[in-house]
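The values are calculated or read from the model by the stated rules, or taken from the named source; none is laboratory data. Keep in mind it's a predicted model, so treat the numbers as computed, not measured. Glycine also receives a Cβ, built like all others from the backbone with ideal geometry; neighbour counts cover every protein chain displayed.
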Amino acid sequence: MRSLTETEMPWLKGLSLAGVAALALTACGGGEETADESGLDLVNAGALTVCSNLPYPPFEYYDADGNEVGFDIDIAQAIADDLDLELEIIQAQFEGIQSGVALNANQCDLAISGLTITEARAGNMLFSEPYLDDNLGVLVRSDSGIESLEDLDGFEGTVGAQSDTTGAAEAQERGLDLREYTDAGLLIQGLESDQVEAAIGNISILGYQAGESETLVFVDEIDTGEQLGIAAQLENQPLIDEVNRILGELEDNGGLEEIEDRWFHSETPDEGGDDAEADDEGDD
């Protein structure tokens with residue numbers, strides 16, 4: 001599969017679609033959800049309920065009409081369509097998503113929210129095969145005087161990151177004075193309003209924000225080798241098996257590349273285009 005390249009979009013040089021494997025459906029039991037006609041254990045029969053943390057562009061956010069759009073939303077819709085299920089997006093705090101609390105409380109069947117696969121998280125939820133490779137990056141105001149990661153060594157200013165993310169963990173490990181925000185939108189507002197001098201987070205998010213702003217600059221990349229995955233309850237292996245099958249087919253038929261192009265290569269994402277409009281009609 002083609003990777004996102006520095007030539008196409010310089011701030012995305014560390015971001016690429018990850019390979020996904022098509023795995024066979026197993027016969028493991030689910031949690032406390034109710035099995036429906038699909039044969040899967042679901043929170044709501046006939047629907048795929050997905051927890052996501054909005055706003056988090058370009059992965060998930062609201063468009064001008066209040067519709068959920070983004071890279072993750074398109075992937076969630078593709079999974080729901082393949083399973084012949086209606087898609088229901090549940091807004092959830094990222095702490096509840098990354099800790100597994102939202103899944104274990106049966107708020108949703110899947111968590112799809114730019115979620116990095118980590119050993120700690122894998123102990124609380126079941127991850128799919130990775131669907132995107134990512135790194136961390138540093139975003140600053142153009143007049144900050146910060147030109148690289150090295151400028152943060154011994155830095156006495158305040159650095160921002162979204163709470164409970166790998167960006168926050170990175171800032172803490174570097175001994176930086178950290179101010180945490182509940183979502184990426186507030187983090188960017190904090191950077192623009194001088195609450196913090198720099199922001200550390202996934203390059204996919206920070207690069208997108210830098211591309212949309214005239215005052216923010218993406219100055220460096222931290223090679224963490226992060227991979228993003230879709231999560232389900234630990235007991236819901238059959239659902240993850242289906243997710244892996246669908247991701248594998250999307251990779252093989254070019255569907256993942258098409259979604260990637262829409263949200264990471266296009267200067268003006270079409271926010272779902274004609275397909276999304278058709279899907280909205282189906283959901284009604």
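Which residue pairs have Cβ atoms under 6 Å apart, sit 6 or more places apart or on different chains, and have a first residue in region 56-72 that is within 10 Å of Ile112 (Cβ to Cβ) and assigned by TED's automatic domain parsing to the domain that holds Leu250 and a second that is surrounded by 23 or more Cβ atoms within 10 Å (Cβ to Cβ) and at pLDDT 95 or above?
Phe59/Gly70; Phe59/Phe71; Phe59/Asp72; Glu60/Ser52; Glu60/Gly70; Glu60/Asp72; Glu60/Ile73; Asp72/Ile112
Does region 90-108 hold any residues that are buried (at least 21 other Cβ atoms within 10 Å of the Cβ) and of a type in the set (Val, Ile, Thr), and which are they?
The answer is Ile97, and nothing else.
Could you please give the count of residues in region 45-79 that are modelled with pLDDT under 95, under 17 Å from Leu228 (Cα atoms), touching a strand residue (DSSP E or B) at 6+ places or on another chain (Cβ under 8 Å) and outside any loop (DSSP other than H, G, I, E, B)?
Final tally of qualifying residues: 1.
Take Glu150 and decide whether it is closer than 25 Å to Gly96 by Cα and either not in a helix (DSSP H, G or I) or not hydroxyl-bearing (Ser, Thr, Tyr) (or both).
Working: closer than 25 Å to Gly96 by Cα: no; either not in a helix (DSSP H, G or I) or not hydroxyl-bearing (Ser, Thr, Tyr) (or both): yes.
Against the criterion (closer than 25 Å to Gly96 by Cα and either not in a helix (DSSP H, G or I) or not hydroxyl-bearing (Ser, Thr, Tyr) (or both)), Glu150 does not qualify.
Could you tell me which numbered condition Glu170 fails, if it satisfies all but one of (1) surrounded by fewer than 22 Cβ atoms within 10 Å (Cβ to Cβ); (2) in a loop (DSSP other than H, G, I, E, B); (3) not basic (Lys, Arg)?
The single condition Glu170 does not satisfy is (2).
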